[in-house]
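**Student:** Sharing a structure here in structure tokens format.
The values are calculated or read from the model by the stated rules, or taken from the named source; none is laboratory data. No experiment lies behind these values; they were computed from the predicted model shown. Cβ sites come from the backbone with ideal geometry, for glycine too, and all protein chains shown count toward neighbours. The area values use the complete protein model at the heavy-atom level, side chains included, leaving out ligands, DNA and RNA. Shrake-Rupley method; radii C 1.70, N 1.55, O 1.52, S 1.80 Å.
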Amino acid sequence: MSDNETSAAYPPVAAYLLGLGDDALIYSHRLGEWLTWAPVLEEDMALANVSLDLLGQARALLTHVGSLDGTGRSEDDLAYQRDERDFRNVHLVEQRRGDFAQEMARMLWFSAYQKALYAALADSGDEQVRAIAAKAHKEVRYHHDHAAQWVVRLGDGTDESHDRMQAALAWAAPYVDELFDDSPVAVAAAVDAGVGVAPSTLRTTATIAVEAVVAEATLTMPAAPRWRSRGGREGIHSEPLGYLLAEMQHLPRSVPGARW
Amino acid sequence: MVGVLVGNVVEAVRGIPDPEIPVITIEGLGILRSCVLDEAAGVVRVVITPTYSGCPAMRAIEDEIGRVCRAHGLRAQVSTVLSPAWTTDWITPEAREALRRFGIAPPGPAGAAEGPVSVTIGRFGSGRHTVACPRCGSEATSVISTFGSTACKALRRCDSCGDPFDEFKAL
């Protein structure tokens, strides 16, 4: 499928929602990779549970995208039959699994962003988006709470855990701006249509939530990053996404129509 | 004969056990939103809602509704709705008691999850309400993990009798 063909198939509102669905799908996959690698068994289960919530949100969003874009594609078509350039997720969620502190830094920012996002989308002009957001908002509150507890535990823990948690916040910092970027073309259209929210309007709420946790954890907000990720919403990705998709899409692409 | 079968179908659908917590029914859990028999069309129209967005039991529940309706000589038409979003406040008093007897602490009020947070670690934590041990009744219990064996449960430990147990999370 060429980039031009698929891009042309998305009306702007569908393209906006595709970004939200892809964020949930790709982060769900990354969290699923923690199974058997988390520091304790309970954490394997917790990360898998968060992953499952995000997968459910992705399914609902992608199904809705398929109904809006006029192509009749199913959630599975969208998840498994698109190439890297057709994915619209931000770079934060596609980065490789790092150490556990990095995962908690990523989850802290992403859940703070999603909490603000879904709260705002509860007033969307699109009935299905409202329904998805109202349900998802209840779930991501637990994700944020989980990440917050770990950031505090590690930050206010030993010297080693404190330093690694602090380093993890610095690791995540370059990816934060992209979450709140209004410049992707689909954003303005989705806002004009009354369906979406401008990501920049979510920034203050999300940042306050993160800052409160960081302060409680005896950590400091990292200095302004020297570079910033961009382009995910336009399909320009970093190297790890291609590898992730190769694994995620291998079976349905190798054995089309496979069922189990 | 068909009439006799049809007469019981709505009760039978209501009584379908939750696949993950078989001591409570889908009605008691609040995920069965409506069940209406259209006798003329030979169809039972059933509306269900998931507990969590990613609840993996939905397909099993749908299949079971279909099986129960077929056993009554009817066809099931199952639709899934997301709105209004499911809340643990819809779990009936009978189902809460069944959960407790099964060893799962029933959920506290969902609204409380938005309120001030009591302390587990620092200001962040999930000890938002008192959770009694379903085995010994002690209210001295603590959270091991807010994500338990399924999406809808947290894992806790009783500080009195020492037993670990599941808590149905308020949502």
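Here's the yes/no breakdown for (1) buried (at least 17 other Cβ atoms within 10 Å of the Cβ); (2) modelled with pLDDT under 95; (3) within 13 Å of chain B (Cβ to nearest Cβ):
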residue	(1), (2), (3)
A:A188	no, yes, no
A:V197	yes, no, no
A:S200	no, no, no
A:T205	no, no, no
A:V214	yes, no, yes
A:M221	no, no, no
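**Student:** A further question on this structure: Tell me, which residue of region A:122-143 that is farther than 16 Å from B:S53 by Cα and more than 9 Å from chain B (Cβ to nearest Cβ) is most open to solvent (accessible area, probe 1.4 Å)? Show your work before the answer.
**Tutor:** Here is the first cut: in region A:122-143, the ones farther than 16 Å from B:S53 by Cα are A:123-127.
Still in the list and also more than 9 Å from chain B (Cβ to nearest Cβ): A:123-126.
Working: A:D123: 130, A:S124: 6, A:G125: 61, A:D126: 25 Å².
Filtering region A:122-143 for residues that are farther than 16 Å from B:S53 by Cα and more than 9 Å from chain B (Cβ to nearest Cβ), the one most open to solvent (accessible area, probe 1.4 Å) comes out as A:D123.
**Student:** Anything in region B:13-39 that is open to solvent by less than 60 Å² (accessible area, probe 1.4 Å), farther than 25 Å from A:V140 by Cβ and in a helix (DSSP H, G or I)? List them, or say none. Working first, answer last.
**Tutor:** Taking region B:13-39 and keeping what is open to solvent by less than 60 Å² (accessible area, probe 1.4 Å), we get B:13, B:15-16, B:18, B:21, B:24-26, B:28-32, B:34-35, B:37-38.
With farther than 25 Å from A:V140 by Cβ added as a condition, the list becomes B:13, B:15-16, B:24-26, B:28, B:32, B:34-35, B:37-38.
Within region B:13-39, B:V13, B:I26, B:G28 qualify.
So that you can scan it fast, the table gives a plain yes or no per residue for (1) crowded, with 20+ Cβ neighbours inside 10 Å; (2) part of a strand (DSSP E or B); (3) not aliphatic (A, V, I, L, M):
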| residue | (1), (2), (3) |
| --- | --- |
| B:A41 | no, no, no |
| B:V46 | yes, yes, no |
| B:Y52 | yes, no, yes |
| B:E62 | no, no, yes |
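**Student:** Among (1) acidic (D, E); (2) surrounded by fewer than 24 Cβ atoms within 10 Å (Cβ to Cβ); (3) in contact with a helix residue (DSSP H, G or I) (Cβ under 8 Å, 6 or more places away or on another chain), which single condition is A:D53 missing?
**Tutor:** With (1) acidic (D, E); (2) surrounded by fewer than 24 Cβ atoms within 10 Å (Cβ to Cβ); (3) in contact with a helix residue (DSSP H, G or I) (Cβ under 8 Å, 6 or more places away or on another chain) applied to A:D53, the lone miss is (2).
**Student:** Pull up region B:127-167, narrow it to residues that are part of a strand (DSSP E or B) and in contact with a Cys (Cβ under 6 Å, 6 or more places away or on another chain), then point me to the one that is surrounded by the fewest Cβ atoms within 10 Å (Cβ to Cβ).
**Tutor:** For region B:127-167, the residue satisfying everything is B:C158.
**Student:** Check A:G257 against each of (1) surrounded by 17 or more Cβ atoms within 10 Å (Cβ to Cβ); (2) on the phi > 0 side of the Ramachandran plot and name the one condition it does not meet.
**Tutor:** A:G257 satisfies every listed condition except (1).
**Student:** Against the definition (at pLDDT 95 or above and surrounded by 15 or more Cβ atoms within 10 Å (Cβ to Cβ)), how does A:D22 come out, yes or no?
**Tutor:** Values: at pLDDT 95 or above: yes; surrounded by 15 or more Cβ atoms within 10 Å (Cβ to Cβ): yes.
So A:D22 fits the description; yes.
**Student:** Ok, one more. Taking only pairs six or more apart or across chains, which ones have beta-carbon atoms under 9 Å, a first residue in region B:47-63 that is facing chain A (nearest Cβ under 10 Å) and under 12 Å from B:V78 (Cβ atoms), and a second residue that is open to solvent by 30 Å² or more (accessible area, probe 1.4 Å) and not hydrophobic (A, V, I, L, M, F, W, C)?
**Tutor:** Pairs that qualify, where the first residue is facing chain A (nearest Cβ under 10 Å) and under 12 Å from B:V78 (Cβ atoms) and the partner is open to solvent by 30 Å² or more (accessible area, probe 1.4 Å) and not hydrophobic (A, V, I, L, M, F, W, C), are B:T49/B:R33; B:T49/B:T80; B:T49/B:S83; B:T49/B:P84; B:M58/B:T80.
**Student:** Output the residues belonging to region A:51-75 that are among the charged types (D, E, K, R) and either touching a strand residue (DSSP E or B) at 6+ places or on another chain (Cβ under 7 Å) or away from every other protein chain (no Cβ under 14 Å) (or both).
**Tutor:** A:D69, A:R73
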